[in-house]
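Shown next, in C-alpha cells, is the structure this report addresses.
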C-alpha cells in the first residue's frame, strides 16, 4: 500500500468515528429533551438580564484626560450575583424550569420582570426596601444592588453587611451598626489619582443608610486593614475630593464613618455616629428594614392590632406611636382580632440611698416585663412577681446592716387608679373593658424612714406619796411637778 493510500485510509476511519459519535449524541439529546418535557429548551433561555441597571465597564487609559481626570462619564462596574433578581442557589431548579416552561416565551428574564412588577413588594437594595414572595414561587434576591452615579469611583453594592472588596484601589466604607463595624459598600480610585469625590462618598452613605448627611456632618478615618488599631482622619467639610489611601499604596482601604471632629488624632474607634437595624414584620408576610440613628425615634406604621417589639419579654405599641431606638429592634404586627394582650411591667422602684442587689430584684417570667395573650372566651389569671417582699440595704447608715423593705401591692392598670391584685382571675369581657391592649404596672410600697410618734405627758395630774392620783388610780411612778410635753422619735431599723 502506498504512503498516500495509508493516509487516506486513516482519514476515512477518523471520519467514521466522528459520524458515529455525532449520531449517538443526536439520539441521546432527542430522548433527554423529550424526557424533560422541553426543559432543556427552556434552559437555553435562562441567561437572565442583569437587573442592577448598570452597564459593565472597566476604566482604561482612554477614560482619563491629559490631567488624569476621569472623563468617560461611565461608572466602573462588573456584574456579580447581586446584579440578578433570581439566583439558582435560592430556588429549586425543577420548579424554576417548570415556571420558565409555562411562560409563553420561555424567557426567564421576562418571567422575572413580570413577577417583580406584579404589585407585590420586592427587593431594591437595603435602604428600607421590602422583600416578599409573590404569586410566583420564585425566591427573589434580597441583595439586589442599585445603580449609583459615583463620579470618579466605582459603585457601592448598597447591601449593608456584605463582605469588603479586597481588590486593589477599593475603599470599603463601614458604619457602626448594631454594636459592630459593618461594611455598607465600596468605591474605587483610579490608577492615576488616589482621590475620590466627596459627593460620591456622601451618595454611597446616604443611599445605603437612608440618611441625608452633608460634608459638614461627618468625617472619615481610614486604615489599610480592617483589624487596624489606628486610622488616619480625613475631613470632608468644604472638600471636593479626598484621598483614602497612602501615597503609592493601591491596596484596599477600610474607611470608618465618624462624627465631624476638629482634630487629626487617632479617631479610628470613634463610635459617635452609630445606627441600629429596625425591622417591621407585617401580617401579610412582608417585611421592611431601616437603619436608624441610635437614640432617635421612629413612628410606627398604622396598625389596628399594634406592634410587639423583641426587647426583653416584648412590649406592645400602638400604630403611630413614637419609639426611641437604642438597639437592634424587630417590630411584629399584631392581629386585631378578639385577642387581648396584657403587658406586665415590674416597675421596681429605684430609691436614692438604698441598694438592692441584682439577685434580689424582682422579675416576671425572668424579665422586667412580659406579655400575655388572652383569647376570646378565655379566663386570665393575673401573674405575680418573683419576689413580693424585697429588702434593700441603707447606704451610709449609722446602724450597719440596716435595711428597708419594699412590698408588692399589685398591678396598676395603665395610668388609672385601678389596682388589680396578683392571682385575680379576669374573663375576656373583664379585660376588654380596659381595651385590647392592657398595660399593668407594678405598684410597690416601701418603708421610708418614717417616725413613730409617742406622746409622753409628764405629771398631767398630781399624785400623793403613795402613788395614787386624786381619783384613786394607781400610777407606776410619782411625779411631783408639771413639765411641758415632748415627742419621742423611734426609728425602725
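The values are calculated or read from the model by the stated rules, or taken from the named source; none is laboratory data. Everything quoted here is computed from the prediction, not taken from an experiment. Virtual Cβ from ideal backbone geometry, glycine too; neighbours counted across all protein chains shown.
The table that follows gives values for the structure above.
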item: Meets criteria (part of a strand (DSSP E or B), over 18 Å from the mean Cα position of the chain (by Cα) and at negative phi) for residue 204; result: no
item: In the range 393-444, the residues that are more than 24 Å from residue 314 (Cα to Cα), exposed (fewer than 11 other Cβ atoms within 10 Å of the Cβ) and touching a strand residue (DSSP E or B) at 6+ places or on another chain (Cβ under 9 Å); result: 395, 401
item: Residue that is surrounded by the most Cβ atoms within 10 Å (Cβ to Cβ), among those in the range 210-233 that are part of a loop (DSSP other than H, G, I, E, B) and within 25 Å of the chain's Cα centre (by Cα); result: 211
item: In the range 356-367, residue modelled with the highest pLDDT [restricted to those that are crowded, with 18+ Cβ neighbours inside 10 Å and in a loop (DSSP other than H, G, I, E, B)]; result: 362
item: Single condition residue 115 does not satisfy, out of (1) in contact with a helix residue (DSSP H, G or I) (Cβ under 8 Å, 6 or more places away or on another chain); (2) part of a helix (DSSP H, G or I); (3) at pLDDT below 70; result: (1)
item: Subset tally (residues that are more than 16 Å from the chain's Cα centre (by Cα) and over 26 Å from residue 262 (Cα atoms)) for the range 158-184; result: 9
item: Hey, residue 390 assigned to a loop (DSSP other than H, G, I, E, B), assigned by TED's automatic domain parsing to the domain that holds residue 342 and surrounded by 13 or more Cβ atoms within 10 Å (Cβ to Cβ) or not; result: no
item: Which numbered condition residue 377 fails, given (1) modelled with pLDDT of 50 or more; (2) over 30 Å from residue 343 (Cβ atoms); result: (2)
item: Which numbered condition residue 378 misses (of (1) within 20 Å of residue 431 (Cβ to Cβ); (2) surrounded by 15 or more Cβ atoms within 10 Å (Cβ to Cβ); (3) in the same structural domain as residue 438 (by TED's automatic domain parsing)); result: (2)
item: Residue match in the range 303-315 (condition: in contact with a strand residue (DSSP E or B) (Cβ under 8 Å, 6 or more places away or on another chain), surrounded by 14 or more Cβ atoms within 10 Å (Cβ to Cβ) and closer than 18 Å to residue 443 by Cα); result: no
item: Qualifying residue in the range 170-183 (condition: over 19 Å from residue 274 (Cβ atoms) and modelled with pLDDT of 90 or more); result: yes
item: Residue in the range 288-303 that is over 26 Å from residue 207 (Cβ atoms), without any contact (Cβ under 8 Å) to a residue 40 or more places away in the chain and either outside the structural domain of residue 207 (by TED's automatic domain parsing) or under 12 Å from the mean Cα position of the chain (by Cα) (or both) present; result: yes
item: Residue within the range 145-160 that is over 26 Å from residue 96 (Cβ atoms), modelled with pLDDT of 55 or more and in contact with a strand residue (DSSP E or B) (Cβ under 7 Å, 6 or more places away or on another chain) present; result: yes
item: Criterion (buried (at least 18 other Cβ atoms within 10 Å of the Cβ) and either on the phi > 0 side of the Ramachandran plot or free of Cβ contacts under 8 Å to residues at least 40 places away in the same chain (or both)) met by exactly one of 244, 236; result: 236
item: Residue satisfying condition, being surrounded by fewer than 19 Cβ atoms within 10 Å (Cβ to Cβ) and either out of contact with any helix residue (DSSP H, G or I) (no Cβ under 6 Å at 6 or more places or on another chain) or not in a loop (DSSP other than H, G, I, E, B) (or both), within set 278, 292, 298, 255; result: 298
item: Sole residue being assigned by TED's automatic domain parsing to the domain that holds residue 186, at pLDDT below 65 and touching a helix residue (DSSP H, G or I) at 6+ places or on another chain (Cβ under 7 Å), chosen from 87, 70; result: 70
item: Residue check for residue 308: within 22 Å of residue 284 (Cα to Cα) and at pLDDT 90 or above; result: no
item: Selection status of residue 342, modelled with pLDDT of 90 or more, part of a strand (DSSP E or B) and not assigned by TED's automatic domain parsing to the domain that holds residue 434; result: no
item: Any chance residue 240 is at pLDDT 90 or above, outside the structural domain of residue 370 (by TED's automatic domain parsing) and touching a helix residue (DSSP H, G or I) at 6+ places or on another chain (Cβ under 8 Å); result: yes
item: Hey, residue 264 closer than 14 Å to residue 171 by Cα and in the same structural domain as residue 169 (by TED's automatic domain parsing) or not; result: no
